[in-house]
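S.K.: Please find one structure pasted underneath; my questions will follow.
Nothing in this text is a laboratory measurement; each read-out follows from the coordinates by a stated rule. Given the structure is predicted, the values throughout are model-derived calculations rather than measurements. No Cβ is skipped: glycine too gets one built from the backbone with ideal geometry, and neighbour counts run over all protein chains shown.
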There are 2 protein chains.
Amino acid sequence: MANSTEPVRIGLLGCGTIGSGVFHLVRKNAAGLAEAARRPLEVARILVKDPDETRPFPADRSLMTTDAADVLSDPSIDIYIEVMGGIRPAREFVLEVLGRGKSVVTANKELIAGHGREIMETAASNNAHVRFEAAVGGGIPLIRPLEESLGGDNILKMMGIVNGTTNYILTRMSTEGSTYEEALAEAQALGYAEADPEADVEGIDAASKLAILCSIAFHAGVTAEQVYREGISHIHTEDLENARELGYAVKLLAIASRDDDGISARVHPTMIPLDHPLASISGNFNAVFVIGESVGELMFYGQGAGSLPTATAILGDVVNVARNLDRPPATRRSYWSRPGEIRPIEKVAARFYMVLKVADRPGVLAKIAGVFGDCDVSLERVLQKGKADSAEIVLITHEVLERNFRTAREGLANLEEVVEIPSVIRVESS
Amino acid sequence: MANSTEPVRIGLLGCGTIGSGVFHLVRKNAAGLAEAARRPLEVARILVKDPDETRPFPADRSLMTTDAADVLSDPSIDIYIEVMGGIRPAREFVLEVLGRGKSVVTANKELIAGHGREIMETAASNNAHVRFEAAVGGGIPLIRPLEESLGGDNILKMMGIVNGTTNYILTRMSTEGSTYEEALAEAQALGYAEADPEADVEGIDAASKLAILCSIAFHAGVTAEQVYREGISHIHTEDLENARELGYAVKLLAIASRDDDGISARVHPTMIPLDHPLASISGNFNAVFVIGESVGELMFYGQGAGSLPTATAILGDVVNVARNLDRPPATRRSYWSRPGEIRPIEKVAARFYMVLKVADRPGVLAKIAGVFGDCDVSLERVLQKGKADSAEIVLITHEVLERNFRTAREGLANLEEVVEIPSVIRVESS
């Protein structure tokens, strides 16, 4: 196929942080993009809520409209880039243009994690391309390597730091000894965290991303609601100190694995060994660690958010779609219609770190060990700390079913000698 | 395009460590590969030197032939996998089948680094696909992300640990305090290093891989001979200790960068800060750190060699080619015919670590500082170690042109007070 001078016309749905970055790069890297796509790229129309909004990069006012129909029904547009975020009206707009056979590139993790099935089906039945590299890990090439380069391998496990805000907060708590509240306030001041930080700190954002990774890697439709989720707001600075003392770092990990019993998918704070490649991912970076049956360990690292990194991933997708506009999509993801069976968290095995504030009297440890023993939970390490009013027991269990651990925890909470159980964190070794 | 039951027929050229891994995975992952490629894959013929050779995985004797023509001119073969290694006869075979419009997937770094131009040209003029993900970084998806996901970005710099043997040796020297010779012997005993280790320890293997990365990232034909090269055989255990004391790790890095003055490409032992993501890549793992103008920092990590990781990368390529067999290749790499201009090492700026064994008398440091000053080299850190016969000066310079540094080094070697300059290692900060 020879290069063509006929531009690929893009409809940009949304022009905030990411959208204005896309607009900026389409102009700035015009020559490189044209060489890669074999045709020039041109932003033809931009759908905005407010043309006067402040943007990180300026965009051409004459292309903007607040009327969705202007952009959605423009027959000259070849590819839509959806960077509005959220479900409404993004879902409706994406389904509408796919239904007309137009291709879509989106950065919308919520949309793909929540409505992946209908989007893949609509795209497939209209021979339209859908790509969403930017929805997970921002600028990191992740979806395409998983889907294409590892297409023939059997992916066994994925562990990812897929939310930069929480990684920043945990990094500050660990390196500066900040409290959770201080580190969160700092992240908000730097613009890493929203005024309402819930989606980040409670793992909601990470759960959407993990659902997408699971669907791609395990060839099954997994939604965000199926992902077990715990956030970082209950992590104490002392836990990070204890962790380091025990040889671990604490990260909010999105973990998925598959074996003969099915898929497990969960987002929670996790202690990982200090020499694990994920332990040294600091600040607002993202990284996804993958174990393939044949390929072994892989890790992908980079900027998980930000205007230009995310826009770069979007344009990588646009280039790919542009090269293949005259062909039916090679990837149809029909497996997305087979719902993935996720094992309930009660049936997932893990090791646990636990802190117990206890009354400082003889026989406490024996009682605690007894409760664990009754629930079939064996202990790997036990540290006794402090004295009198501040006596603490810090322990790590061997691998145990969540269900058994919960029973033990309840039993411990009922012991007269146990004042409080301030911390429980899961521990992963690989 | 609907799935088809007509198999994609593969001609396997070579069946050693990697080839037998490919054969094994084609059978073992038949269902997954057929789903990904949309057609079953079948190894139709295998060219071997000796059918009785010992292989990590068994392969079907009835498919083997020692007669190249049997495989090369079989008209029913769709895709050739070249895993013989070396230039002769791999180059001739690859050019022959490409000339007949057959597609090729190869793991042969030497071939692509040395003869990339004629291979890309022959493939393009015969509408044949050529893919070589496994040639750099074994199982790590690297070529395709650089070429496709980052196709629209401007890649500024790459720093890679692309040779597992040397990384293993340096890791053992650093963690166990082994000498170079001990660590090499250990690597040989484990099968990580060849009986003749030259290609690994002198950076020849890494230079080929860097030439390929440069060609892809900078859109220019770069050959292995253009890459400046220094090996690790002159690294002392003490250098690794000094490095750690100064806050650095020592790695054999393949480094390439591009700015307005052109491309620089070099392989040499390098001190990098302990908190750099590459510093913690240990053992025989590989990792490539990339800085893109828009995407920022990325890193790709995994198994850089080994039968199944490499075979996985090859099959990722095969799946991609199989899906697109009826289409002309999307990537023609015509830029490979534009020779890349590489800046001579004398004109590359770097920081340098240097150890000088000196006579322990007053004024030595002043004389040394004087020589550096005369050559416009300023010093960032200076440590004086030992006394009398074993007096040493350990220093790190600020950034300086290689040419000036070399003049200073010559001047220092001529000083009466300087007994020896046992170590010089370049230092990178990012």
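S.K.: Taking only DSSP H segments of four or more residues, each worth -39500 (n - 2.57), what value at 222 nm results for chain A once the sum is divided by all its residues, to the nearest 500 deg cm²/dmol?
M.R.: Helices in chain A give a 222 nm mean residue ellipticity of -10000 deg cm²/dmol.
S.K.: With no solvent and one equal point scatterer per Cα, compute the Debye intensity ratio I(q)/I(0) for the range A:128-180 at 0.16 Å⁻¹ and report its log10, rounded to two decimals.
M.R.: Taken in order of the listed q values, log10 I(q)/I(0) reads -0.66.
S.K.: If you don't mind, there's one more thing I want to ask. Express in % the proportion of alpha carbon pairs of the protein assembly as shown at distances exceeding 39 Å.
M.R.: Considering the protein assembly as shown, 44 percent of its Cα-Cα pairs are separated by more than 39 Å.
S.K.: One decimal, nm, shortest first: give the distances between the label point of residue B:60 and those of the same position in the other copies, each label point 7 Å from Cα along Cα→Cβ.
M.R.: Inter-copy label distances (nm, one decimal, shortest first): 5.7.
S.K.: What is the distance in Å between the Cα centroid of the range A:36-100 and that of the range A:256-290?
M.R.: Rounded to whole Å, the Cα centres lie 35 Å apart.
S.K.: Another one. Based on alpha-carbon centroids, what's the gap between the range A:175-246 and the range B:164-242 in Å, whole number please?
M.R.: If you average the Cα positions of each part, the centres end up 39 Å apart.
S.K.: Given N residues in the range A:347-427, what is Rg(Cα) / (2.2 N^0.38 Å)?
M.R.: 1.00
S.K.: Lys/Arg Cβ at +1, Asp/Glu Cβ at -1, dipole of the range A:178-241 taken about the Cα centre: which of A:180, A:233, A:217 is farthest positive-ward?
M.R.: So the residue we want is A:217.
S.K.: Once the label point is placed 7 Å from Cα along Cβ, list for residue B:274 the distances to the corresponding points in the other copies, in nm, shortest first.
M.R.: Relative to the other copies, residue B:274 has label-point distances of 1.0 nm.
S.K.: If the range A:143-242 were replaced by its equivalent ellipsoid, with semi-axes equal to the square roots of 5 times the Cα gyration tensor eigenvalues, what would those be, largest first, whole Å?
M.R.: Taking √(5λ) for each eigenvalue gives 30, 14, 12 Å, largest first.
S.K.: May I ask you to report, in nm to one decimal and beginning with the shortest, the distances from residue B:156 to the same position in the other copies, taking label points 7 Å along Cα-to-Cβ?
M.R.: Spacings between copies for this position, smallest first, are 3.9 nm.
S.K.: Would you work out the charge dipole size for the range A:287-408 about its Cα centre, treating the Cβ of every Lys and Arg as +1 and the Cβ of every Asp and Glu as -1, and quote it to the nearest 20 debye?
M.R.: Here the range A:287-408 has a charge dipole of around 200 debye.
S.K.: Could you work out, for the range B:1-120, what percent of all Cα-Cα pairs fall into each 10 Å distance bin, beginning at 0 Å and stopping at the bin that holds the largest distance?
M.R.: Computed distribution, short to long bins: 13, 45, 34, 8, 0.
S.K.: How large is log10 I(q)/I(0) at q = 0.17 Å⁻¹ when the Debye formula is applied to the Cα atoms of the range A:315-379, each weighted equally and without solvent?
M.R.: -0.84
S.K.: I'd like the distance separating the alpha-carbon centroids of the range B:368-417 and the range A:143-161, in whole Å.
M.R.: 49
S.K.: Give the average over all directions of the projected area of the C-alpha convex hull of chain B, one decimal, in nm².
M.R.: If you wrap the Cα atoms of chain B in a convex hull and average its projections, you get 21.7 nm².
S.K.: Can you give me the angle between helix A:180-189 and the longest principal axis of chain A, using Cα atoms only, in degrees from 0 to 90, rounded to the nearest 10?
M.R.: 20
S.K.: Sequence gap at least 6, Cα distance under 8 Å: using those rules, report the relative contact order of the range B:143-303 to the nearest whole percent.
M.R.: 32
S.K.: Then there's this: Would you mind working out the magnitude of the charge dipole of chain A relative to its Cα centre, with +1 at each Lys and Arg C-beta and -1 at each Asp and Glu C-beta, to the nearest 20 Debye?
M.R.: In debye, rounded to 20, chain A gives about 1100.
S.K.: For residue A:209, give me every one of the lysines with a C-alpha distance below 20 angstrom, ignoring sequence neighbours fewer than eight places off in its own chain.
M.R.: The qualifying lysines are A:109, A:157, A:251.
S.K.: Which residue, A:421, B:407, A:83, has the largest displacement toward the positive end of the dipole of the protein assembly as shown when charges sit on each Cβ (Lys, Arg +1; Asp, Glu -1)?
M.R.: In the protein assembly as shown, that residue is A:83.
S.K.: So what J values fall out for the range A:259-270 if you push phi through Karplus, 6.51 cos²θ - 1.76 cosθ + 1.60 with θ = phi - 60°, rounded to Hz, Gly and Pro as x?
M.R.: Computed from phi, the couplings for the range A:259-270 are 9, 4, 8, x, 9, 10, 9, 7, 10, 6, x, 9 Hz.
S.K.: Quick one: compute the contact order of chain B, relative version, from alpha carbon pairs under 8 angstrom and 6+ residues apart, as a percent.
M.R.: For chain B, the relative contact order is 16 percent.
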